[in-house]
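Data block below; observations after.
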Amino acid sequence: METTHRTEWTLLATPLVAFLLVCLGFPAIVNLIYSVSEISFETLRNPQISGFGNFVAVLTDEAFWRANWFSLRFGLLTAVLECLIGLGLAVFLAPLFKNRSWPIAILMLPLMVAPALMGLMYRLVLHEFAGPVPHYLWAWFGNSPSFLGPNSAFWTLIVVETLQWTPFAFLLFHMAYQAIPEELREAAAIDGATGFARFWRIELPLMLPTLAAALLIRFIDGFRVFDNVYVLTGSGAGGSTTSLSIYIYEAFFKQAAIGKAVAASVVLFVASFMVLYGLNRFARRRRR
Amino acid sequence: MLNAIRWAVFALAAFAMNFPLIVTLVTSFKSAREISTNPGLWINAPTLENYVTVLTVSDRLNIFLYLANSFAIAAMGTLLAVLLALPAAYAIVRGRFGEKTLLPLIVNLRAVPLVIFAIPIYMMFQFMGLLDTRFGLGLVMTIVNIPLVLIILVNAISDVPFELDEAAMIDGVSRPGILVKIIAPVIRPAIVTSMIFGFITAWNEFLFGLMLTTSKAVPVTVGASFFFAASGGGVQWGVAAAVMMVGALPPMLLGLVMYRKISGTMMAGAVKG
């Protein structure tokens with residue numbers, strides 16, 4: 001009886017498992033094999049196993065570490081900025097959302113736009129002749145920086161990413177804030193806790209799990225950024241804005257360095273696996 | 001007084017976050033001449049000529065093809081994800097199948113940069129003739145959508161009282177029968193939410209569209225960038241702006257219809273993720 005149940009459940013889950021094995025498991029194996037092979041577009045079907053040369057090539061490539069450094073800084077900075085602004089907005093503006101939800105709809109609109117399209121829109125916004133931002137800066141201050149030049153591109157991209165994804169952090173904090181029981185706030189008020197003290201002592205601690213989740217999600221998304229950076233600066237701006245995703249893409253499509261691209265993918269795969277494994281263990285211990 | 005400040009802060013935040021949308025919308029209603037003389041936020045002589053140009057555009061840049069591609073790819077990536085995830089979610093919740101292995105593995109997939117699978121998928125697709133096909137990109141969108149769809153469906157099925165299953169089992173309904181006749185109708189709102197989420201995600205995807213398509217199956221996110229390179233001279237900003245508005249509109253409309261559901265779903269995704 002028990003075993004027939006087991007089979008039944010297995011059958012129900014089989015399509016999903018099979019699909020993932022074919023579409024992700026197989027590519028993962030291909031990645032591993034190619035990463036230790038001599039490989040070019042001509043020899044795709046019979047890779048020659050050749051040891052760890054590709055890994056050496058990647059790990060000694062200065063551009064690889066520059067890309068890592070960009071992704072890390074980009075992910076951290078945007079995650080922190082988005083969470084700080086999002087948290088601030090969710091708490092400070094909370095009374096506005098009491099009986100109306102349309103302001104929330106307006107704030108979350110950017111989340112619905114494809115990051116690639118958002119990036120393209122900023123090409124218009126920041127364009128020196130057709131863009132309103134340089135136009136007004138010239139009119140008001142008689143000067144306008146080159147937003148996508150080597151010196152300011154990084155910060156321009158930070159602002160672009162932060163403005164689009166702050167609503168995500170805001171929404172999470174908004175939900176968490178609404179979930180705090182009203183009695184808690186009343187009790188705190190009776191005890192004489194006002195304004196900031198109430199936020200710092202009661203509301204913020206209750207929202208800490210949300211804060212951790214929001215920081216993590218936004219960091220991961222920022223770290224693997226591709227779309228908006230690619231359409232805004234590509235690998236331009238003197239290579240100063242090449243994220244890890246863009247590095248892999250370009251190694252493969254622009255330089256046809258398949259071995260290098262695949263080895264970089266494997267490094268990234270192992271790194272993200274280790275981070276996730278560590279986080280999961282940490283989360284499980286916390287739950288106990 | 002404090003509330004006035006709040007409204008001011010809200011207005012500022014809404015303006016800043018939606019600024020590129022506002023600029024693009026305004027520019028899309030300006031003639032080429034006006035854009036060069038007046039790049040500001042005010043329109044002197046509103047015109048629809050950019051939209052006319054976009055919708056009657058040559059066969060080299062075919063907005064209808066891009067929109068149809070995006071729609072087909074997103075629809076397939078959404079439907080297939082739900083079809084695969086629904087029975088699996090049922091087995092995970094009621095049969096405790098892979099609750100400790102399969103579920104965490106798939107949930108964590110959301111945090112893995114999918115670019116690491118991009119190259120082998122490209123080569124696989126080349127081998128199978130799936131490059132530049134809607135079907136191929138639809139498969140990739142299915143992968144992208146599966147984690148969140150599974151989380152939503154697992155949560156929803158967990159909330160269905162077990163008594164419903166039991167009653168059906170006593171009546172002699174089979175497991176797949178219970179899933180189709182009892183569970184699926186009860187969690188229909190969750191299924192709809194997951195589909196809308198999946199559709200928006202797939203519509204907005206760019207990296208795989210860029211890599212795996214060249215002409216026939218180009219989605220609108222990639223196609224829009226073609227308008228920036230088109231036609232010799234400079235970019236036709238008015239036309240480009242109209243294209244971006246058209247490409248961004250479907251997910252925005254879906255989002256506006258659904259926004260009450262969306263924050264809740266994000267929360268569920270974040271807690272599990």
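See the values below:
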{"read-out": "Filtered residue count, region B:158-190, keeping only those that are under 18 Å from B:ALA89 (Cα atoms) and of a type in the set (Gly, Ala, Ser)", "value": "5"}
{"read-out": "Tally, over region A:59-71, of residues that are within 9 Å of A:LEU244 (Cα to Cα) and in contact (Cβ under 8 Å) with a residue 60 or more places away in the chain", "value": "6"}
{"read-out": "Residue within region A:41-51 that is exposed (fewer than 15 other Cβ atoms within 10 Å of the Cβ), assigned to a helix (DSSP H, G or I) and hydroxyl-bearing (Ser, Thr, Tyr) present", "value": "yes"}
{"read-out": "Residue satisfying condition, being farther than 27 Å from B:LEU21 by Cα, at pLDDT 85 or above and within 18 Å of the chain's Cα centre (by Cα), within set B:ALA167, B:ALA224, B:ALA190, B:ALA217", "value": "B:ALA190"}
{"read-out": "Positions within region A:251-260 being within 10 Å of A:TYR34 (Cα to Cα) and among the aliphatic types (A, V, I, L, M), in sequence order", "value": "A:ILE258"}
{"read-out": "Helices (runs of 4 or more DSSP H) wholly inside region B:174-245 that include at least 1 residues being crowded, with 23+ Cβ neighbours inside 10 Å", "value": "B:188-204, B:207-212, B:220-229"}
{"read-out": "Single unsatisfied condition, A:PHE282 versus (1) away from chain B (no Cβ under 11 Å); (2) farther than 21 Å from B:GLY269 by Cβ; (3) surrounded by fewer than 23 Cβ atoms within 10 Å (Cβ to Cβ)", "value": "(2)"}
{"read-out": "When residues of region B:22-45 are limited to those that are among the polar types (S, T, N, Q), over 31 Å from the mean Cα position of the chain (by Cα) and part of a helix (DSSP H, G or I), the one surrounded by the most Cβ atoms within 10 Å (Cβ to Cβ)", "value": "B:SER36"}
{"read-out": "Filtered residues of region A:168-199 (kept if outside any loop (DSSP other than H, G, I, E, B), of a type outside the set (S, T, N, Q) and under 24 Å from A:LEU107 (Cα atoms))", "value": "A:PHE168, A:ALA169, A:PHE170, A:LEU171, A:LEU172, A:PHE173, A:HIS174, A:MET175, A:ALA176, A:TYR177, A:PHE199"}
{"read-out": "A:VAL160 being assigned to a helix (DSSP H, G or I), buried (at least 16 other Cβ atoms within 10 Å of the Cβ) and over 23 Å from the mean Cα position of the chain (by Cα)", "value": "no"}
{"read-out": "Residue check for A:GLY25: part of a loop (DSSP other than H, G, I, E, B), modelled with pLDDT under 95 and more than 7 Å from chain B (Cβ to nearest Cβ)", "value": "no"}
{"read-out": "Sole residue being crowded, with 16+ Cβ neighbours inside 10 Å and closer than 17 Å to A:LEU59 by Cβ, chosen from A:ALA264, A:ALA271", "value": "A:ALA264"}
{"read-out": "Index of the failed condition, A:MET175 passing every other in (1) farther than 26 Å from B:GLY40 by Cα; (2) more than 14 Å from chain B (Cβ to nearest Cβ)", "value": "(2)"}
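The values are calculated or read from the model by the stated rules, or taken from the named source; none is laboratory data. In this text the structure is predicted, and so the values were computed from the model without any measurement. Using ideal geometry, Cβ is built from the backbone for each residue, glycine included, and neighbour counts are taken over all protein chains shown.
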